[in-house]
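No lab work stands behind these numbers, since they all come straight from the coordinates. Source: prediction; values computed, not measured. Reconstructed Cβ throughout: ideal geometry from the backbone, glycine too, with neighbour counts over all protein chains shown.
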Amino acid sequence: MRIASEGYRYIAVLTVLGGLLLLFPATRLFSIPFFGLAAFIVYFFRDPHRVPPEDARLLVSPGDGKVVYVGPGEREPDKVQISVFLSIFDVHINRSPLAALVRRIQYSPGKFLAAYHDEAGKQNEQNELELVDGDFVVIVRQIAGVVARRIVCRASESDHLARGERFGLIQFGSRMEIVLPAGTEVRVRVGERVRGGETIIAERAT
């Protein structure tokens, strides 16, 4: 199983601490939580292979989780927004919903409200990517949650991302928002579970 590189240091530290506690009979039982946490970190940072659908008009989810909002953009009311909540049990790798140029990246510090609340999209720490394919512009926001304290963005401005390509992750519970041009056909509904890089969330107008 592939593991995101950002998880290696956590796994190493917890494994070493657990191993040190095993050296002494009086502390061996205390090693169990460390090895348990190391196993969870391996699970959390898993990075499964995903295959997007062939039709280039189809946009895929940028992350795994549950759709918690579909409707007018909360900051861009003339556009369409889809919000996905990622629990600590979901894969947290973030992927590009379409093949596009990264025109702009903007990081904004903020609060750490529970990511499933709508206010989290406005007030929490977040990173925004503007993805452009011709005149089709999509905004993807990585939003931290209560437990999430670090947003990782591997992409840079002027990078070209393939549809479904990994561009970052949010550590330990988060939210993602996708803002689409008006007229884009939404293919998901609130309450539906999605898989990053595979689940079709919208279709571009022909």
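A few comments on the model shown:
- Hits in region 159-181 - residues which are closer than 15 Å to ARG57 by Cα and not in a strand (DSSP E or B): ALA162, ARG163, GLY164, PRO181
- Qualifying residue in region 45-58 (condition: over 30 Å from ASP135 (Cα atoms), in contact (Cβ under 8 Å) with a residue 12 or more places away in the chain and basic (Lys, Arg)): yes
- Test for ARG166: is it within 27 Å of PHE40 (Cα to Cα), among the basic types (Lys, Arg) and touching a residue at least 60 places away in the same chain (Cβ under 8 Å): yes
Yes or no, residue by residue, for (1) in contact with a Cys (Cβ under 7 Å, 6 or more places away or on another chain); (2) more than 20 Å from ALA205 (Cβ to Cβ); (3) of a type outside the set (A, V, I, L, M):
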| residue | (1), (2), (3) |
| --- | --- |
| TYR43 | no, yes, yes |
| HIS49 | no, yes, yes |
| GLU54 | no, no, yes |
| ARG57 | no, no, yes |
| VAL60 | no, no, no |
| LYS66 | no, yes, yes |
| GLY71 | no, no, yes |
| GLU76 | no, no, yes |
| LYS79 | no, no, yes |
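- Close pairs from region 182-206: first farther than 14 Å from ARG95 by Cβ and free of Cβ contacts under 8 Å to residues at least 24 places away in the same chain, partner surrounded by 13 or more Cβ atoms within 10 Å (Cβ to Cβ) and of a type in the set (Ser, Thr, Tyr), Cβ under 7 Å, at least 6 apart: ALA205/THR184
- Summed over region 45-85, the residues that are closer than 30 Å to THR15 by Cβ and buried (at least 21 other Cβ atoms within 10 Å of the Cβ) give a count of 4.
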